[in-house]
1. Take Thr33 and Tyr70, extend 7 Å from each Cα along the Cα→Cβ direction, and tell me the distance between the two endpoints in nm.
2. Tilt of helix 18-27 relative to the longest C-alpha principal axis of the chain, in degrees (0 to 90, nearest 10)?
3. Please report the relative contact order for the range 6-70, taking Cα pairs under 8 Å with a sequence separation of at least 6, and give it as a percent rounded to a whole number.
4. For a test of the definition: using alpha carbon positions, the gyration tensor, and the 1.5 limit on a/c, classify the range 6-70 as rounded, prolate or oblate.
5. Using Cβ contacts closer than 10 Å as the measure, can you line up Asp36, Asp24 from fewest to most?
6. Run the helix sum for the chain: -39,500 (n - 2.57) per DSSP H stretch of 4+ residues, divided by residue count, reported at 222 nm to the nearest 500 deg cm²/dmol.
7. Please arrange Arg27, Arg68 by how many other C-beta atoms lie within 10 Å of their C-beta, fewest to most.
8. Report the residues of the range 14-30 in range of a label on Lys42: point 7 Å along Cα→C-beta, backbone N strictly under 19 Å from it.
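We did not get these values from a lab; they are worked out from the coordinates using the rules stated. Here the structure is a predicted model, which is why all the values come from computation and not from measurement. Ideal geometry is used to build each Cβ from the backbone, glycine not excepted, and the neighbour counts take in all protein chains shown.
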Amino acid sequence: MKPDATLQIEITVPPEFEADVVRDLERRGGSVTRTDSVRVIKGSVPNVGLEEYGTHLRSMTAGHGTYRAYAPQTAR
């Protein structure tokens, strides 16, 4: 995948870490499309620098945050 690609991201965090994670995504050039009541944060983020995001997220959330990133679905 190209380093400048944008990936869809879905992050699950405890409520007390939601604001910090949203601010961090925005700082990385990402955007949040929604947050669910169970604190699943959905958005998009540039691929650049995402390879170490899991470690960073676990550090920010005291080991409780998880995420998955995937290529956006395109209409055919």
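1. Here the modelled spin labels are 1.1 nm apart.
2. Here the helix axis deviates by roughly 40 degrees.
3. Once divided by the residue count of the range 6-70, the mean separation gives 47 percent.
4. oblate
5. Ranked by crowding around the Cβ, least crowded first: Asp36, Asp24.
6. Computed mean residue ellipticity for the chain: -6500 deg cm²/dmol.
7. If I rank by nearby Cβ atoms, fewest first, I get Arg27, Arg68.
8. 14-15, 18-19, 21-23, 25-26, 30
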